[in-house]
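Below: one structure, written as structure tokens.
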Amino acid sequence: MTKAKKELKDIRDEAAARLARGEMTGKELTDHLVSKGYEREEASKVASEFRDLGYIDEERYAGLFAAHGERKGWGSGRIRMELTRRGVDPETARLAIAEALESGALSSDRERALEVARKMLGDDGTLDERIKGRIARRLAGYGYGASVIYETLRKLED
């Protein structure tokens, strides 16, 4: 076997082994292969090949990631940002979130924000200005908009 064929077999083996451990986007697989010492151009070709073969499905990945964001308590904005950072097309990310919301797999931002905030209150339920600030900062970091944050704080005060 020539050196070029051996390297192509090696990069495909590495890609297959990584995908066997879990879903990835084409960008993530390319970055992984580059981190293993392969050239970006070759890594990108292999990722495209694996996408064409159906081993990489960014729509499926986006749906699974939306559920992951739900478990973390993230807002739709954070989920969308993380998906695009990982290489999912912005429209695919938007559609995955919309489908998850429509199917009930993803609760509304308002529901998730309130759940995150209630967990932060603790057992005694004390809501002083310091705690309000912590909740607001956490929700902002989780990708919730100002209107959702203010509404959540108002509900906690009631």
Only one of ARG40, ARG85, ARG134 is closer than 30 Å to ILE11 by Cα, among the charged types (D, E, K, R), out of contact with any strand residue (DSSP E or B) (no Cβ under 7 Å at 6 or more places or on another chain) and not assigned by TED's automatic domain parsing to the domain that holds ALA20, namely ARG85
Exercise for the section: Using the structure shown, decide if THR152 is of a type outside the set (D, E, K, R) and either under 21 Å from LEU29 (Cβ atoms) or at pLDDT below 90 (or both). Expected result: no
Within the range 50-85, residues of a type in the set (Gly, Ala, Ser), touching a residue at least 60 places away in the same chain (Cβ under 8 Å), surrounded by 22 or more Cβ atoms within 10 Å (Cβ to Cβ) and part of a helix (DSSP H, G or I) come out as SER76
Okay, helices (runs of 4 or more DSSP H) sitting entirely in the range 99-158 with 1 or more residues that are of a type in the set (Lys, Arg) and surrounded by 15 or more Cβ atoms within 10 Å (Cβ to Cβ), I get 109-121, 129-141
Just to be sure before I move on: is GLY37 surrounded by 16 or more Cβ atoms within 10 Å (Cβ to Cβ) and at pLDDT below 95 in the structure I sent? no
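The values are calculated or read from the model by the stated rules, or taken from the named source; none is laboratory data. Computed from a predicted structure; not experimentally measured. Here the Cβ is made from the backbone with ideal geometry for all residues, glycine too, and neighbour counts use every protein chain on show.
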